[in-house]
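The values are calculated or read from the model by the stated rules, or taken from the named source; none is laboratory data. Quick caveat, the model's predicted, so the values are computed rather than measured. Ideal geometry is used to build each Cβ from the backbone, glycine not excepted, and the neighbour counts take in all protein chains shown.
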Amino acid sequence: MATVTLSTKIQPRSPQGEFRNEPFVDFKTPDNARSMRAALDHVAHQLGREYDLVIGGEHLSTPGKIQSLNPAKPAQIVGIHQKAGLEHAEQAMTAALAAYETWSRTTVEERASLLLNAAEIIRQRNFDFCAWLTYEVGKNWAEADADVGETIDFLEFYAREALRLAQATTPIQYPGERNQLLYIPLGVGAVIPPWNFPFAIMAGMTAASIVAGNTVILKPSSDSPTIAAKFFEVLEEVGLPPGVVNFCPGSGATFGNAIVQHPKTRFIAFTGSKPVGLDIHERAAKTQPGQIWIKRTILEMGGKDSILVCADAELDAAVDGVVASAFGFSGQKCSACSRAIVEAPVYDIFVERVREKVAKLTVGNPVENFNMGPVVNKAAYESILGYIEQGKHEGRLVAGGHAVETADGGYFLEPTVFADIAPGAVISQEEIFGPVLAIIKVSSFEEGLAVANNTEYGLTGALYTSDKARLDIARREFHVGNLYFNRKCTGAMVGAHPFGGFNMSGTDSKAGGPDYLYLFTQAKSVAEKI
């Protein structure tokens, strides 16, 4: 079997101090705004470039191509990518298996150093990466910066976590023995990230895999392969050995399924829609000829998230939290607030204040840093418009409700709010993944909590109240993986808010938390008689 030699580019580097979240950029500062505009101009001159498949360090071209388009200006090509097909699945697996033989035996210090070096490069080029996110998926400046910052956080955090895990010990040392608990890598994993956090989630799942000693077949979303290619370039720059990560954009129905079903695939890390996640879970559960393990699935599959506003809440803060959670990145977050559940005594004034605040939101090209940019593609645009029409039959239109026409034909929608929605309505139950908020009236906190728990999901939620007893009840009874009190339900921070949900929201993977690397390793107990 082929061997892989570690590149001399990897310089041993230890974390400096305790983990701290990357600070946000203040774009109100003139110097930062100028730097962002310069980065947007710099990246604009690189749009339309073609990127290779990279398998085992070999750069490949394919007849079929994937074109990544700017959703604010769909005629503009952000990147042209090769399209991995069935014929590349075995090639990628062979390369990943070969690399695993050496990579799994490198020291954890070397693997962690690679992540830390990658984090530093991304930190130095923060504005450029923000610009790529703005062009490829339509993030405004602050949303793009949050994505880049979270990427850095994941790299820094998982490097430290890998070093911590390597120091694990058994709870006791049995008399007469030397007892060890080793967390060893699993093997080859498929990493299948989403388009909405195409940098942070893609890099986070990849980094967790490789710092634990696994090798990866990375299949980025066809809506955001360019930012993944830019991350892969960073990995090459810091000296990641060939085959440790294999960059393979391709169709989920062909290449993706082939990798998921391959008997040598050990785990699948996926973030995306519920239907795709369940399909991956089902395919992975079927044992293939020659398969000698149970495949592990690490799944995050979306949500239908609620903010419950009690009559005793600080109302302006609740309005701010709901609007920020519902319309940040045009509602294209699995953690987005798509339902505001409001107690009757403050319902009417809450609806009016939401209407007033939403009216101030601006919609336009994110290059110019409007509050809301486009939705990601034409299919999403049409699907969301369909839900908006459904909402007009299910409740009272308070704000928005229309597409926004632009000269460039971008996929822009107005921030849309419906009031008087029933808890069981379609727009109350189905994940819309767009700028649509349903407001539901309830008579009490108890009824509101029951409504908050009435969907098949369980990802994020928030409660606004000044009643400590209600906070205590919600801690026990509000069934979501990420619960927030008197603040918005988006914006999970690595280390502080380990992220992952219950029920159909996934396997509660808790990305960015102290348990996450356990999902990419297996524990081996060793006892030596002395």
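Hey, could you check segment 256-312 for residues that are under 30 Å from VAL354 (Cβ atoms), in contact with a helix residue (DSSP H, G or I) (Cβ under 9 Å, 6 or more places away or on another chain) and among the charged types (D, E, K, R) and say which is surrounded by the most Cβ atoms within 10 Å (Cβ to Cβ)?
Among residues in segment 256-312 that are under 30 Å from VAL354 (Cβ atoms), in contact with a helix residue (DSSP H, G or I) (Cβ under 9 Å, 6 or more places away or on another chain) and among the charged types (D, E, K, R), the one surrounded by the most Cβ atoms within 10 Å (Cβ to Cβ) is ASP305.
Being in contact with a helix residue (DSSP H, G or I) (Cβ under 6 Å, 6 or more places away or on another chain) and on the phi > 0 side of the Ramachandran plot is the filter here; which residues of segment 219-247 pass it?
Scanning segment 219-247 gives a single hit, GLY243.
Residue-wise test of (1) hydroxyl-bearing (Ser, Thr, Tyr); (2) more than 13 Å from the chain's Cα centre (by Cα); (3) surrounded by fewer than 19 Cβ atoms within 10 Å (Cβ to Cβ); (4) part of a strand (DSSP E or B).
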residue	(1), (2), (3), (4)
TYR484	yes, yes, no, yes
ARG487	no, yes, yes, no
ALA492	no, no, no, no
ALA496	no, yes, yes, no
SER509	yes, no, no, no
GLN522	no, yes, yes, yes
SER525	yes, yes, yes, yes
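Do you know which residues across segment 401-429 are part of a loop (DSSP other than H, G, I, E, B), over 24 Å from the mean Cα position of the chain (by Cα) and within 23 Å of LEU308 (Cβ to Cβ)?
Within segment 401-429, ASP420, ILE421, ALA422, PRO423, GLY424, ALA425 meet the criteria.
Give me the residue from segment 54-72 that is assigned to a strand (DSSP E or B) and touching a helix residue (DSSP H, G or I) at 6+ places or on another chain (Cβ under 9 Å) and, out of that set, surrounded by the fewest Cβ atoms within 10 Å (Cβ to Cβ).
GLU58
Looking for something within 21 Å of the chain's Cα centre (by Cα), modelled with pLDDT of 95 or more and in a helix (DSSP H, G or I) - is there at least one such residue anywhere in segment 352-374?
Yes, segment 352-374 has at least one match.
Please tell me if ALA474 is part of a strand (DSSP E or B), buried (at least 20 other Cβ atoms within 10 Å of the Cβ) and at pLDDT 95 or above.
Spelling it out, it is not the case that ALA474 is part of a strand (DSSP E or B), buried (at least 20 other Cβ atoms within 10 Å of the Cβ) and at pLDDT 95 or above.
Only residues that are farther than 20 Å from LYS441 by Cβ and basic (Lys, Arg): list them for segment 291-327, please.
Correct list: LYS295, ARG296.
If the Cβ limit is 7 Å and pairs must be 6+ apart or interchain, which residue in segment 204-220 that is assigned by TED's automatic domain parsing to the domain that holds PHE231 and under 14 Å from GLY512 (Cβ atoms) pairs with which residue that is surrounded by 24 or more Cβ atoms within 10 Å (Cβ to Cβ) and among the charged types (D, E, K, R)?
Correct list of pairs: VAL211/ARG111.
Could you go through segment 158-172 and let me know if any residue there is polar (S, T, N, Q), more than 22 Å from ARG20 (Cβ to Cβ) and modelled with pLDDT of 95 or more. Can you show your working first?
The first filter runs over segment 158-172 and keeps only residues polar (S, T, N, Q), leaving 167, 169-170.
So of that shortlist, the ones also more than 22 Å from ARG20 (Cβ to Cβ) come out as 169-170.
Filter again for modelled with pLDDT of 95 or more, leaving 169-170.
Yes - at least one qualifying residue is present in segment 158-172.
At negative phi, among the acidic types (Asp, Glu) and not assigned by TED's automatic domain parsing to the domain that holds ALA144: does that describe GLU352?
Here the answer is yes, as GLU352 does meet what is asked.
Are any residues in segment 268-309 closer than 19 Å to PRO220 by Cα and part of a loop (DSSP other than H, G, I, E, B), and if so, which ones?
GLY272, SER273, MET301, GLY302 - these are the residues of segment 268-309 that are closer than 19 Å to PRO220 by Cα and part of a loop (DSSP other than H, G, I, E, B).
Exactly one condition in (1) among the small types (Gly, Ala, Ser); (2) outside the structural domain of ASP147 (by TED's automatic domain parsing); (3) surrounded by fewer than 23 Cβ atoms within 10 Å (Cβ to Cβ) is not met by SER330; state its number.
(3)
Among what's in segment 36-85 and is of a type in the set (Ser, Thr, Tyr) and in contact (Cβ under 8 Å) with a residue 40 or more places away in the chain, pick the residue that is nearest to ALA407 (Cα to Cα).
Across segment 36-85, the extreme among qualifying residues is SER68.
Of all residues in segment 103-126 being out of contact with any Gly (no Cβ under 9 Å at 6 or more places or on another chain) and among the hydroxyl-bearing types (Ser, Thr, Tyr), which is surrounded by the fewest Cβ atoms within 10 Å (Cβ to Cβ)?
Among them, the one singled out is THR107.
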